[in-house]
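This report concerns only the one structure given below.
No lab work stands behind these numbers, since they all come straight from the coordinates. Please read these numbers as outputs of a predicted model, since none were measured by experiment. Quick reminder, even Gly has a Cβ in these numbers, built from the backbone with ideal geometry, and neighbours come from all protein chains shown.
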């Protein structure tokens with residue numbers, strides 16, 4: 001039976017990416033499949049795999065078709081998490097595709113991979 005696994009991010013510095021993403025999302029490194037070119041990060045509560053980090057020489061895409069959305073429940077949480085992520089090594093991108101009154105802020109991890117921090121309190125309701 002086909003199942004969806006977990007997202008994998010291409011990175012140029014695997015140890016740096018492990019340090020950033022484990023701190024950013026309270027994940028833990030899983031030694032089971034660890035290699036110089038691969039790390040699996042698990043949820044700290046033991047509920048399973050969360051993220052894969054794979055060495056890649058491919059250039060970062062400015063406008064990736066697939067990216068991570070990290071979500072919070074309030075604007076205050078969004079602001080605090082953005083500050084925390086920047087302290088961990090993320091950068092705020094000069095994003096030229098924001099809609100009017102966006103519910104998200106675009107950051108990049110230390111490898112330059114874009115991701116969003118979304119405030120669910122102002123996200124459009126369906």
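Quick look at the values:
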| read-out | value |
| --- | --- |
| Selection count, the stretch 1-31, where residues are touching a strand residue (DSSP E or B) at 6+ places or on another chain (Cβ under 8 Å) and within 15 Å of residue 54 (Cβ to Cβ) | 14 |
| Criterion: surrounded by 15 or more Cβ atoms within 10 Å (Cβ to Cβ) and within 11 Å of the chain's Cα centre (by Cα) - qualifying residue of 22, 40 | 22 |
| Yes/no for residue 105 being in contact with a helix residue (DSSP H, G or I) (Cβ under 7 Å, 6 or more places away or on another chain), surrounded by 15 or more Cβ atoms within 10 Å (Cβ to Cβ) and not in a loop (DSSP other than H, G, I, E, B) | yes |
| Meets criteria (more than 15 Å from the chain's Cα centre (by Cα), outside any strand (DSSP E or B) and in contact (Cβ under 8 Å) with a residue 24 or more places away in the chain) for residue 121 | yes |
| Qualifying residue in the stretch 74-97 (condition: touching a strand residue (DSSP E or B) at 6+ places or on another chain (Cβ under 7 Å), closer than 17 Å to residue 6 by Cα and touching a residue at least 40 places away in the same chain (Cβ under 8 Å)) | no |
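A quick yes/no check of all residues on (1) closer than 22 Å to residue 120 by Cα; (2) surrounded by 15 or more Cβ atoms within 10 Å (Cβ to Cβ):
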| site | (1), (2) |
| --- | --- |
| 53 | no, yes |
| 65 | yes, no |
| 81 | yes, yes |
| 95 | yes, yes |
